[in-house]
Amino acid sequence: MLVMRPAQMADLSEVQRLAADSPIGVTSLPDDAGRLGDKIAASEASFAAEVSFNGEETYFFVLEDTESGRLVGCSGIVASAGYSEPFYSFRNETFVHASRELKIHNKIHVLSQCHDLTGNSLLTSFYVLPELVGTLWSELNSRARLLFVAAHPERFADSIVTEIVGYSDENGDSPFWDAIGRNFFDLNYAEAERICGLKSRTFLAELMPHYPIYVPLLPDEAQESMGQVHPRAQITFDILMREGFETDHYIDIFDGGPTLHARTSGIRSIAQSRVVPVKVDTVASGDAVKGGRPYLVANSQLQDYRAVMLELDWVPGKPVTLSLAAAEALGVGEGASVRIVAV
Amino acid sequence: MIVRPVRSSDLPALIDLARSTGAGLTTLPANEERLAHRVGWAEKTFRGEAERGDTDYLFVLEDDDGRVVGISAIAGAVGLREPWYNYRVGLTVSASQELNIYREIPTLFLANDLTGNSELCSLFLHADFRNGLNGRLLSKARMLFIAEFPELFGAKIIAEMRGMSDEQGHSPFWESLGRHFFKMEFSQADYLTGVGNRAFIAELMPKFPLYSCFLSQAARDVIGRVHTSTEPALTMLKAEGFSYQGYVDIFDAGPAIECETGKIRAVRDSQALVLAVGTPGDDATPFLIHNRKREDCRVTAAPARFAAGTLVVDPKTAKRLRLTAGDQVRAVPLSPAREGV
């Protein structure tokens, strides 16, 4: 069974294996044991902390195959984007340059560096093994985070954002980076993202142009790559778009990838999930229930947070019946309650 | 040859002159109505009936047969009626010692900094007359006029030099920048500013600073550079004390050069003298000579020499100036010593 749970320090080498394969641009997963160790330590402290409003916490989850003990995915949430250093985005703006006399009316698209998304909670670090891409397990890896938010709203902001990795080619070159960032650093995109992962994005962002950028002056390839999703990030993008996230307002300042945002309370997995009492079926064996449909099921714990995906034949208003194995995986017993949402 | 204020009777000659210019002279458009309007303002200006913000000292170069072969002008003050725009070429530095990064990015800032200064403009000499002292007379007569009437002009005198464009009149700077915002040809935009339609600049141009790295290499290469045909004019003005202080034209990025009014050589070194008529002699050097009048201003260039507080010129020169011995003149050597004769 695949179970989502908080990462522990013992997971470090497995996490690094996942990080090594994650695409350039996922700077929240640097292939660096030191940084990943810090990330896990920060996460453990965050799950353990008593929190009444979102602050510096970062939550890092792993998806474990309980049979083999191997990790097959990971994901994270930063409670407050830009908590300790500014969080930069490009805001899409439109200026109308019009002359009544000359009958000219030009809409000019401008990118303005901003900190608008500071303080929002941030979904990060999404990765699943290639064989899980496109399967429902990807949904578990991404959306179980949202069930955690639903269970612990006081730990998160009213809005949630996420940066989707933007387009770069087979050589790791980003047309958007080449048109903008490269002028200011003389680093190629891969190198810049590596520095972002090892140091911080803010470190480089502070060296970026602070005046707004007139989009019509950028080369066509750069303009086309604005808001474009890297093929390997398409899955993350699609899942969150179905959750009700919006795009088009903000893009990443390095690769031009879209930055998605949503009101926390309006996110589908949060708005539509239900807390229901548990009945444990000690007779049936295995997870699947005939005639059921897939649900994400999570407990409401912190350090012992667990989420799984199950085929359930659940009737709204009634308790949910879990197999013994599922109940054990979730660490719940008869009479406890779980949060469930249809996949 | 004589430089004198324009008159409405010069209008047909002016239109012929305007038609012989190419793109790039924003202040001499081949538009009859506009030129007539301009001559009208110039006449008011020389009569002293215009406020400084509206003054337009438009001169013509006339040969001894009364033919108009060139024009030049001074705008008493730029930007007092409509905003006067330039780009200031500034610098953005992107640096991190830690990453061993250091990048200098020239950055263009839209500015009205040159507002209130006077401008040398509208210089045009018919191709057949680009010889001898004509070019220098036509241009520098303005400086002598400024020397005589400094109260009519600003603290600084500026001159916008024509920027780089190719044989077809295409400006690389315009192609890389202005075109995106105007969606029209350079020559059309140029014409519109020439006929006084400057407001549209403010309405259509980018207001935020522009990092030059977002412009084409060809555009970057011409920032602050003059058109080949304007190089002699630039050299001449530099010899008079003008210098490039980082302001360029917003359309073609040609340099706007400037000099403090009192520090222009022809202003600073000019002196009021009594005219003597005689034989300047073989050692006489070309002087720029002004009759010290405003409405009836006449300026010429001719060999002359100092003699006991007087300036000795030949009878023909005195006749051109419509002066006789004993009259007051203002004079200065036509060229600074190092520029040669």
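Values quoted throughout were computed directly from the atomic coordinates according to the rules given, and no laboratory measurement underlies them. This is a predicted model, so every value here is computed, not measured. Here the Cβ positions follow ideal geometry from the backbone for every residue, glycine too, while neighbour counts run over all protein chains shown.
Here are some notes:
- Within the shell of other residues whose beta carbon sits under 11 angstrom from the beta carbon of B:Gly53, the net charge comes to -2, with Lys and Arg scored +1 and Asp and Glu -1.
- Shielding by partners, peptide A:117-129 (average Cβ within 10 angstrom, other chains): 0
- Taking every alpha-carbon pair under 8 Å whose residues sit at least 6 apart, the range A:114-178 reaches a relative contact order of 45 percent.
- Restriction of the GluC sites (Glu not before Pro) in the range A:44-74 to DSSP coil positions whose beta-carbon has at most 11 other beta-carbons within 10 angstrom yields A:Glu50, A:Glu67.
- Of the trypsin sites (Lys or Arg not before Pro) found in the range A:184-236, none is in coil by DSSP with at most 10 other Cβ atoms within 10 Å of its Cβ.
- Note: relative contact order over chain A, using C-alpha pairs below 8 Å and six or more positions apart, is 18 percent.
- Here, chain A yields an orientationally averaged convex hull projection of 19.5 nm² when only Cα atoms define the hull.
- Cα long-axis angle, helix B:134-148 against chain B (0 to 90 degrees, to the nearest 10): 80
- For the range A:273-342, fraction of C-alpha pairs farther apart than 21 Å, in %: 11
- The GluC sites (Glu not before Pro) of the range A:203-304 meeting both criteria, a DSSP state outside H, G, I, E and B (loop) and at most 14 other C-beta atoms within 10 angstrom of the site's C-beta, are A:Glu206.
- When B:Arg292, B:Arg7 are arranged by Cβ crowding within 10 Å, least crowded first, meaning fewest neighbours, the order is B:Arg7, B:Arg292.
- For the range B:269-339: rounded, prolate or oblate by the Cα gyration tensor [a/c cutoff 1.5]: oblate
- Radius 12 Å from Cβ of A:Trp137, net charge of other residues (Lys, Arg +1; Asp, Glu -1): -3
- Whole-Å distance, taken between Cα centres, linking the range A:129-177 and the range B:41-62: 70
- When Rg and the Kirkwood Rh are both derived from Cα coordinates, the Rg/Rh ratio for the range B:115-219 amounts to 1.04.
- By the compact-protein rule of thumb, 2.2 N^0.38 Å, the alpha-carbon radius of gyration of the range B:125-173 corresponds to a ratio of 1.60.
- Principal-axis tilt of helix B:32-46 within chain B, Cα atoms, nearest 10 degrees: 60
- Calculated on the alpha-carbon coordinates, the convex hull of the protein assembly as shown measures out at 186 cubic angstrom per residue.
- FRET E, pair B:Asp166, A:Leu198, Förster distance 60 Å, beta-carbon r, rounded to 0.05: 0.80
- Calculated over chain B: convex hull of Cα atoms, volume per residue (Å³): 144
- Cβ-based exposure ranking for B:Lys183, B:Lys156, in which fewest neighbours within 10 Å come first: B:Lys183, B:Lys156
- Helix-only arithmetic for the protein assembly as shown: the sum of -39500 (n - 2.57) across DSSP H runs with n ≥ 4, divided by the residue total, places the mean residue ellipticity at 222 nm at -7000 deg cm²/dmol.
- Most fluctuating residue given options A:Asn171, A:Asn299, A:Asn188, as computed from a GNM of chain A linking Cα atoms under 10 Å: A:Asn171
- Cβ-Cβ distance of A:Met9 and A:Phe53, R₀ of 35 Å, FRET efficiency by 1/(1 + (r/R0)^6): the value works out to about 0.85.
- The Cβ shell under 14 Å around A:Ala342 holds other residues with a net charge of +2, Lys and Arg each +1, Asp and Glu each -1.
- By the count of neighbouring beta-carbon atoms within 10 Å, fewest first, B:Asp249, B:Asp314 end up ordered B:Asp314, B:Asp249.
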